[in-house]
Structures are given as C-alpha cells and as structure tokens.
1. Determine which member of the set 29, 15 is closer than 30 Å to residue 157 by Cα and either touching a helix residue (DSSP H, G or I) at 6+ places or on another chain (Cβ under 9 Å) or not aromatic (Phe, Trp, Tyr) (or both).
2. In segment 120-155, how many are on the phi < 0 side of the Ramachandran plot and touching a strand residue (DSSP E or B) at 6+ places or on another chain (Cβ under 9 Å)?
3. Filter segment 136-151 for residues that are without any contact (Cβ under 8 Å) to a residue 60 or more places away in the chain and either open to solvent by less than 30 Å² (accessible area, probe 1.4 Å) or touching a His at 6+ places or on another chain (Cβ under 7 Å) (or both) and give the result.
4. Test each condition in (1) closer than 21 Å to residue 109 by Cα; (2) open to solvent by 60 Å² or more (accessible area, probe 1.4 Å); (3) of a type in the set (A, V, I, L, M) for residue 159 and report the one that comes out false.
5. Scan segment 119-135 residue by residue and report those that are charged (D, E, K, R) and exposed (fewer than 15 other Cβ atoms within 10 Å of the Cβ).
6. Looking at segment 119-138 only, could you name the residues that are more than 21 Å from residue 164 (Cβ to Cβ) and not in a loop (DSSP other than H, G, I, E, B)?
7. Taking the condition in contact with a Ser or Thr (Cβ under 6 Å, 6 or more places away or on another chain), open to solvent by less than 20 Å² (accessible area, probe 1.4 Å) and outside any helix (DSSP H, G or I), does residue 85 pass?
8. Could you please let me know if residue 101 is within 30 Å of residue 29 (Cα to Cα) and in contact (Cβ under 8 Å) with a residue 40 or more places away in the chain?
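The values are calculated or read from the model by the stated rules, or taken from the named source; none is laboratory data. Computed from a predicted model, the values in this text were never measured in an experiment. Neighbour counts are summed over all protein chains in view; Cβ atoms, including those assigned to glycine, are modelled from backbone coordinates with ideal geometry. Each accessible area value is taken on the protein alone, full model and side chains, heavy atoms only, with ligands, DNA and RNA left out. Shrake-Rupley method; radii C 1.70, N 1.55, O 1.52, S 1.80 Å.
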Amino acid sequence: MSLNENMLRHLCRTALAEDVGSGDATTLAVIPADLQVSASLVTRQECVCAGLPLVEMVFRELDAAVVMENCVEDGDRCVAGQTLAVLRGPARALLTGERAALNYLQRLSGVATLTRRYVDAVGSAPTKILDTRKTTPGWRHLEKYAVRMGGGTNHRFGLYDRVMIKDNHRE
C-alpha cells in the first residue's frame, strides 16, 4: 500500500480549505505578491521522518512555482537539527501552507518515530510490530504509512480485507 496522489491532494485541499478559508488575511496584508524566499524544514529532536509527500502536495496546491528539495527520505532516522527539506518559491505560498504542512509532517513523523522505538525494542526477536484500525478518521492511509516508515507492519486495513473474530462476534 502506497500513498495515492489523488487521496493526498484531497486531504491537502481539505486541510487548506479548513485553515485558509477565503485567504490568509495576514500574509495577503503584509507580504508582497512578488517576494520569493527559501525555507528549511529542520528537526528539533531525533525522529524518523514521515510525511514529506504531503508537505510537497500542500505547497503544490497553493502555488505550482514552489520547489521542494528533499534532504532525507521518509523512513530515514534523523538527528536533532537535521534539515529534512528546503522549499523555494513565493513567500505567500510558503507562509500560507506552513501550518498544514508542518501538522502533517509532525504527526506522521511522531507515529513513525514511536513505531521505530517499538521495533528497536523487540530487536531480533521473532516478533512483528503491527498497527491497528484504531486510526484518526480520514487519516488511516497516512497513519498506516507512517507505521511502515517506522519499520512496523500493517495488520488489516479495514473490515473488508481479513476475517478477525473477536469477543463481540460471539453469542
């Protein structure tokens, strides 16, 4: 299971619609339309990176002129202070999309990092770290992707792909 571009686009559009609404009032008021900038995404602590495709999609949805150069890949272990990516383009787009992009990156990197801790804890034991269907509504694809980036294994994706009889199925 990989991240589907149409699904990513939909999620990013939804996040931007929720946050930006009719426009980023502050940015539109104080940032010149022609101002070009660069910005670096830098970790504050050790982590496993996950969510870079969403970051790129957020900014692509705002302005196709934004260019993102990844310095790491999803699934990479990163140290505090490490640059994950560099963005270049219109300042208005970078400022407007910043929060949505960082929310995706931080949340998914958090899931990947915690998963990696569990994977490391079991070491070479014949054990797999499995995820669950208990995910944030609308984020199942993303959170299960983050589990894989952390070295975990996806269990069942939904009710449709495996039979699993539990106590609540008994008479």
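1. Numbers: 29 fails: closer than 30 Å to residue 157 by Cα.
After ruling out the rest, the residue left standing is 15.
2. Just the residues of segment 120-155 that are on the phi < 0 side of the Ramachandran plot, to begin with: 120-122, 124-137, 139-150, 152-155.
Then drop every residue that is not touching a strand residue (DSSP E or B) at 6+ places or on another chain (Cβ under 9 Å), which leaves 128-131, 146-147, 149-150, 152-155.
Looking only at that region, the number is 12.
3. 143, 147
4. Of the numbered conditions (1) closer than 21 Å to residue 109 by Cα; (2) open to solvent by 60 Å² or more (accessible area, probe 1.4 Å); (3) of a type in the set (A, V, I, L, M), the odd one out for residue 159 is (1).
5. Listed by number, the residues that qualify are 120, 128, 133, 134.
6. Once the filter is applied, which keeps residues that are more than 21 Å from residue 164 (Cβ to Cβ) and not in a loop (DSSP other than H, G, I, E, B), segment 119-138 yields 119, 120, 121, 122.
7. Working: in contact with a Ser or Thr (Cβ under 6 Å, 6 or more places away or on another chain): no; open to solvent by less than 20 Å² (accessible area, probe 1.4 Å): yes; outside any helix (DSSP H, G or I): yes.
For residue 85, the condition - in contact with a Ser or Thr (Cβ under 6 Å, 6 or more places away or on another chain), open to solvent by less than 20 Å² (accessible area, probe 1.4 Å) and outside any helix (DSSP H, G or I) - is not met.
8. Values: within 30 Å of residue 29 (Cα to Cα): yes; in contact (Cβ under 8 Å) with a residue 40 or more places away in the chain: yes.
Yes; evaluated as a whole, the condition is true for this residue.
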